[in-house]
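Participant: The structure under discussion is supplied below as C-alpha cells; questions concerning it will follow.
Just so you know, all these numbers are worked out from the coordinates, no wet-lab data involved. Everything numeric in this text was worked out from a predicted model, so none of it was measured. When we count neighbours, we look across all protein chains shown, and the Cβ atoms used for this are built from the backbone with ideal geometry, even at glycine.
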Amino acid sequence: MVSRKELDEREECTVGGEKLSAGDYFRPALPRGVFAAILTPMDGDLYPDHRAFAAHCRRLLEAGCHGLAVFGTTGEANSLSVDERLAALEALVEGGVPGESMLPGTGSSALTDTVRLSRAALEVGARGVLVLPPFYYKGVDDDCLFRFFAEVVERVDDDRLRVYLYHIPHLTGVGFGFGVISRLLEAYPGVVVGTKDSSGDKERITTLCREFPGFHVLAGTETLLLDTLREGGAGCISATVNVTSRLARRVHDAHEAGETDEAEDLQRRLTELRALIEAYPMIPALKRLTAELTGDEYWRNLRPPLCALDEARAEELLLRLPLSELL
C-alpha cells in the first residue's frame, strides 16, 4: 500500500474542483456533498482496469464531485475479490486520486474481510468507510447486526475509523432499523457517523435527518439530493452521478447559496436525467454511456453475472440521452 507518509509528501491535488495541499488530505471534516458511486472499468479479461479507474475518478473530481464512493454496488464490488479491491485501491492513490476523497465500500458477509478492507481504506487516508450489513443470512435480528458492527469497530481498533451504514435492503435483504442505528450511535459516538440510504424512501430519509441530528445522511439517489440537503442531510451518493456530476454539483451549490428557485429548477432537470437512465438496467447503461463519453470501449465490459446492454437498447439509450449535458 502507499503509505500515509508518501501521501503527505505530495504537493497538491484536486478534490471537488478545489486545489488542496498535501496537509489537507487528512483534515478531520466528515464528507458532505455530491458523491459518485463509482463504476469499476474492466479490461478485456474482466479484471479491473486500474488506469481507466484512476482517470475516471480524477475526471469526476474535476467535474465537481465532493467525493468518490468506490467499491459499492455500482462498482460491482461483490463481484471482486478482497485482493482485487486492495490492489485497485492502491492503484487509485498511485494514479493521483487522493485517499481523502474516497469513501470506500468495505462491507462483506465475512467479518474478517470487512476488517481487512476497512484498515486498508484508513491507511490510504479515506475519511470513512461504507459498510454493508452481512447479507447472506436473512432474518438476522438487531442484536446480531449490532454485534457484527461492534466486532468491526473493535477489531479495526483505529481512532481514524468513521463508519457509514449502507442501507440497501432490496439487494441485501437486511436493513438498518432506527433501533440498531440508535444503539450503534450510543455505543460508538464519533465512529458510526452516517449512512447511505438507498431505500428510495423520502419519508425514511427525512425521519433519519430529524431523529438523529448530526448523523450524516446521504441519499442513495440524486433525485432526493435537494430534499435531503433541506432536511439537514449531508448530500447524496449516487450511481448516475458518474454521468450527472456537474449538474448534481450545481444543485448542491445553488442550495448552499440560498438560491431556492435555481436549486429547484436544476433538481427537476437532474431528476429527469436520472429517470431516462434508470429506464434501463442501471450499471450496464452507465457503462455504455461512459464508453461513449470517454471513447474507451473497455467501459462496455461487465463481470458476470452482469451483462452489457444489447446493441438495440444501447442505441436507444444514446439517442434518448442528451450527451452534451452529461458528466
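Participant: Calculate the FRET efficiency for Leu86 and Asp261 from the Cβ-Cβ distance with a Förster distance of 41 Å, rounded to the nearest 0.05.
Facilitator: Efficiency at R0 = 41 Å is approximately 0.30.
Participant: Name the long-range amide H neighbours of Tyr166: under 5 Å, sequence gap of 5 or more, or other chain; modelled H, no Pro or chain starts.
Facilitator: It is Val131, Leu132, Lys196, by chain and number.
Participant: A further question follows. For the range 89-151 and the range 57-84, what is the separation of their Cα centres, given in Å?
Facilitator: First find each Cα centre; the distance between them is then 13 Å.
Participant: Where does the chain land at 222 nm, in deg cm²/dmol rounded to the nearest 500, when only DSSP H runs of n ≥ 4 count, each adding -39500 (n - 2.57), divided by all residues?
Facilitator: Only helices count here, giving -13500 deg cm²/dmol.
Participant: Below 12 angstrom from the Cβ of Asp310, what's the summed charge of the other residues (Lys, Arg +1; Asp, Glu -1)?
Facilitator: Net charge in that neighbourhood comes out at 0.
Participant: At 7 Å along Cα-to-Cβ for each site, give me the label-to-label distance between Arg204 and Ala29 in nm.
Facilitator: 3.0 nm
Participant: From the list (i) 21.4; (ii) 19.8; (iii) 20.9, can you say which value of Kirkwood radius over Cα pairs in Å was derived from the structure given?
Facilitator: (ii)
Participant: How far apart, in nm, are two points set 7 Å out from the Cα along the Cα-to-Cβ line at Ser79 and at Glu151?
Facilitator: 2.9 nm
Participant: Report the Stokes-Einstein translational diffusion coefficient (µm² s⁻¹, integer) for the range 236-278, Rh taken as the Kirkwood radius over Cα pairs, at 25 °C with viscosity 0.890 mPa s.
Facilitator: For these conditions, the coefficient is 236 µm²/s.
Participant: Short version: ³J(HN,Hα) in whole Hz for each residue of the range 253-265, in order, from phi by Karplus 6.51 cos²θ - 1.76 cosθ + 1.60 (θ = phi - 60°), x for Gly and Pro, what are they?
Facilitator: 5, 5, 4, 4, 7, x, 8, 4, 5, 4, 4, 5, 5
Participant: Provide the per-residue ³J(HN,Hα) series for the range 230-244, in order, calculated from phi with Karplus coefficients 6.51, -1.76, 1.60 and θ = phi - 60°, each as a whole number of Hz, with x at glycine and proline positions.
Facilitator: 5, 8, x, x, 8, x, 8, 10, 9, 4, 6, 5, 3, 10, 10
Participant: Figure the gain on full extension for Leu319 and Leu306 (residue separation times 0.36 nm, minus the Cα-Cα span) and round it to one decimal in nm.
Facilitator: 2.4 nm
Participant: Determine the relative contact order of the range 29-85: mean sequence separation of Cα pairs under 8 Å and six or more apart, normalised by residue count, in whole percent.
Facilitator: 45 percent
Participant: Subtracting the Cα-Cα distance from 0.36 nm times the residue separation, let me have the gained length for Asp253 to Leu293 in nm, one decimal.
Facilitator: That pair, Asp253 and Leu293, stretches by 11.9 nm at full extension.
Participant: Moving to a separate point now. Note the full-extension length gain between His170 and Leu46 as 0.36 nm times their separation in residues minus their Cα-Cα distance, in nm to one decimal.
Facilitator: 42.0 nm
Participant: Okay, next question. Taking 7 Å along the Cα-to-C-beta vector as the label spot, tell me the Ala110-Cys144 distance in nanometres, rounded to one decimal.
Facilitator: Distance between label points: 2.0 nm.
Participant: So for the chain, averaging the separation of alpha carbon pairs under 8 Å that are six or more residues apart and normalising by length, what relative contact order in percent results?
Facilitator: Computed over the chain, the figure is 17 percent.
Participant: Among Lys202, Lys196, Lys138, rank each residue by its count of other Cβ atoms within 10 Å, from fewest to most, as a rough exposure measure.
Facilitator: Sorted ascending by nearby Cβ count, the order is Lys138, Lys202, Lys196.
Participant: Kindly identify the range 32-115 as rounded, prolate or oblate by the Cα gyration tensor criterion: order the square roots of the eigenvalues as a ≥ b ≥ c, call it rounded if a/c is under 1.5, otherwise compare a/b with b/c, prolate if a/b is larger, else oblate.
Facilitator: oblate
Participant: On to the next question. Note down the relative contact order for the range 214-272 as a percent, whole number, built from C-alpha pairs under 8 angstrom at least six residues apart.
Facilitator: Relative CO of the range 214-272 lands at 32 percent.
Participant: If you don't mind, there's one more thing I want to ask. I need the phi-derived Karplus couplings for the range 304-310: 6.51 cos²θ - 1.76 cosθ + 1.60, θ = phi - 60°, integer Hz, Gly and Pro marked x.
Facilitator: Each residue's phi maps through the Karplus curve to give x, x, 6, 10, 5, 4, 5 Hz.
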